[in-house]
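> Sharing a structure with you now.
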Amino acid sequence: MPGEARAADIDPQHVVVTEPVRGSDIPVQLMYVEMIDGVYAPIGLRTPKGEGPFPLVLFASGNGGRGMAMVRDFTQNVSWTQEEFLKAGYAVAWLRYRAEVDYAYDRIGKLVEDKRQRRQLLNRGPLEYEDVISIVEYMKTLPFIVPDRIFYMGMSHGGEMAFKIASEYHGVRAMIACEPAAHEFLRLRPDDTARINPETGLLDVERMLMREAEKVRPRITEDVARARMAPITTPIFVQGRNSDELQGIFRVCYDLLVELGKDARWATYEHDEHGFVYVRRNGSGAYDPDAVQRQAVADSIAFFDRYRQGK
């Protein structure tokens, strides 16, 4: 069976299982990367032809969860965008991280690591964006990856994670935040258009209507948002989508970066699908990206290329 390996062929502390990718001659290395607290997160790493070392783009989508099953599904069925990056000379990896914890980012403070009786002690459990930081740090140890040319492209909650990561960590060369659902990072104050899920008691902020940046601005906690953005040194390309209900949030993220003098770029696209930059196979099992998707991905590669060359 594809990907089948004997136990004797696997290092239990560095599990790597290679399997083919549908329609591609570049296989995927399915790996488990140790997080700061000793648990493991799955990724699917692919490298271009040749010996390297290669710059690397880490791809994230959504709120986390589903583990290796998600990595394998996206590698096999949502990888047209990765194929374009591979052609451009980048190593690529779908990654997965623990599930988002609702508003924990606002409540529990900075992660602190200490020792007690010579053993690791944390002041709290890690959050999903901190898993990405652990993955970046591990990828820097691989001999076929250029350690100071690691990039990140996150969509939706993965886009918000770009801001959370960049606010605390400076080890990513440049980032793309695609349709970043950054209401938590901006500390958006809900109004009466937000709904409570009666089954869970959790607030569904994303049902608020926030298409216009000038209407979003008074509803964020601006002093908090600015304080969180102030430490950012990573260049960030914010990508919007004209018809998205959160377009106002996307634009405010960019506006604040510019006002704070950060290295930022903005582009917005006309497309019906949330997450359009990650092209999924159609009903016939083929990739058929439209002109907007092709343009957005070309823009993304061009953005990373600028920082790949050290500019």
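The values are calculated or read from the model by the stated rules, or taken from the named source; none is laboratory data. All values derive from a computational prediction rather than experimental measurement. No Cβ is skipped: glycine too gets one built from the backbone with ideal geometry, and neighbour counts run over all protein chains shown. For accessibility, only protein heavy atoms count, side chains too; no ligands or nucleic acids. Shrake-Rupley method; radii C 1.70, N 1.55, O 1.52, S 1.80 Å.
> Quick one: ALA60 ticks every box in (1) in a loop (DSSP other than H, G, I, E, B); (2) closer than 30 Å to ALA225 by Cβ bar one, so which box is it?
Here ALA60 meets the rest and fails (1).
> When only residues in the range 6-35 that are under 17 Å from ASN77 (Cβ atoms) and small (Gly, Ala, Ser) count, which is most open to solvent (accessible area, probe 1.4 Å)?
Of everything passing the filter in the range 6-35, GLY23 is most open to solvent (accessible area, probe 1.4 Å).
> Now a separate question. Among the residues of the range 36-90 satisfying the criterion of being of a type in the set (A, V, I, L, M) and buried (at least 22 other Cβ atoms within 10 Å of the Cβ), which is nearest to VAL297 (Cα to Cα)?
Kept after step one, since they are of a type in the set (A, V, I, L, M), are these residues of the range 36-90: 36, 39, 41, 43, 45, 56-58, 60, 68-71, 78, 86, 88.
Okay, now just the ones that are also buried (at least 22 other Cβ atoms within 10 Å of the Cβ), so 41, 43, 45, 56-58, 60, 71.
Details: ALA41: 26, ILE43: 21, LEU45: 19, LEU56: 16, VAL57: 13, LEU58: 14, ALA60: 15, VAL71: 20 Å.
Among those that are of a type in the set (A, V, I, L, M) and buried (at least 22 other Cβ atoms within 10 Å of the Cβ), it is VAL57.
> When you go through ARG195, ARG189 one by one, which is the residue that is at pLDDT below 90, over 24 Å from GLU259 (Cβ atoms) and touching a strand residue (DSSP E or B) at 6+ places or on another chain (Cβ under 9 Å)? Before the answer, list the steps.
Values: ARG189 fails: over 24 Å from GLU259 (Cβ atoms).
After ruling out the rest, the residue left standing is ARG195.
Residue by residue, here is whether (1) among the hydroxyl-bearing types (Ser, Thr, Tyr); (2) closer than 27 Å to TRP94 by Cα holds:
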position: VAL216; (1), (2): no, no
position: ASP223; (1), (2): no, no
position: ASP244; (1), (2): no, yes
position: LEU256; (1), (2): no, no
position: GLY275; (1), (2): no, yes
position: GLN293; (1), (2): no, yes
position: SER300; (1), (2): yes, yes
position: PHE303; (1), (2): no, yes
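> Follow-up. Which of the following residues is more than 23 Å from TYR138 (Cα to Cα) and at pLDDT 95 or above: GLU84, GLU19?
From the options GLU84, GLU19, the qualifying one is GLU84.
> Residues that are in contact (Cβ under 8 Å) with a residue 40 or more places away in the chain: find the helices (runs of 4 or more DSSP H) completely inside the range 208-277 holding 3 or more of those. Please lay out each step first, then the result.
Numbers: elements: 213-216, 222-229, 247-259.
So the answer is 222-229, 247-259.
> Which of the residues spanning the range 99-113 are of a type outside the set (A, V, I, L, M, F, W, C), surrounded by 13 or more Cβ atoms within 10 Å (Cβ to Cβ) and free of Cβ contacts under 8 Å to residues at least 60 places away in the same chain?
Residues of the range 99-113 that are of a type outside the set (A, V, I, L, M, F, W, C), as a first pass: 100, 102-103, 105-107, 109-110, 113.
Applying the additional criterion that residues be surrounded by 13 or more Cβ atoms within 10 Å (Cβ to Cβ) yields 100, 102-103, 105.
Hit for the range 99-113 is GLU100, nothing else.
> Could I ask something else about it? Quick check on my filter: what residues within the range 225-248 are of a type in the set (A, V, I, L, M) and modelled with pLDDT under 95? Break it down into steps so the answer makes sense when it comes.
Initial filter on the range 225-248 (of a type in the set (A, V, I, L, M)): 225, 227, 229-230, 232, 236, 238, 246.
Within the range 225-248, just LEU246 meets the criteria.
> Take PRO180 and decide whether it is in a loop (DSSP other than H, G, I, E, B) and touching a residue at least 60 places away in the same chain (Cβ under 8 Å).
When the stated conditions are applied, PRO180 passes them.
> Further, regarding this structure: Check whether at least one residue in the range 288-307 is under 18 Å from the mean Cα position of the chain (by Cα), basic (Lys, Arg), modelled with pLDDT of 95 or more and open to solvent by 20 Å² or more (accessible area, probe 1.4 Å), and report yes or no.
no
> Follow-up. Out of (1) in contact with a Ser or Thr (Cβ under 7 Å, 6 or more places away or on another chain); (2) hydroxyl-bearing (Ser, Thr, Tyr); (3) surrounded by fewer than 16 Cβ atoms within 10 Å (Cβ to Cβ), what's the single condition that is false for THR221?
So THR221 meets the others, but not (1).
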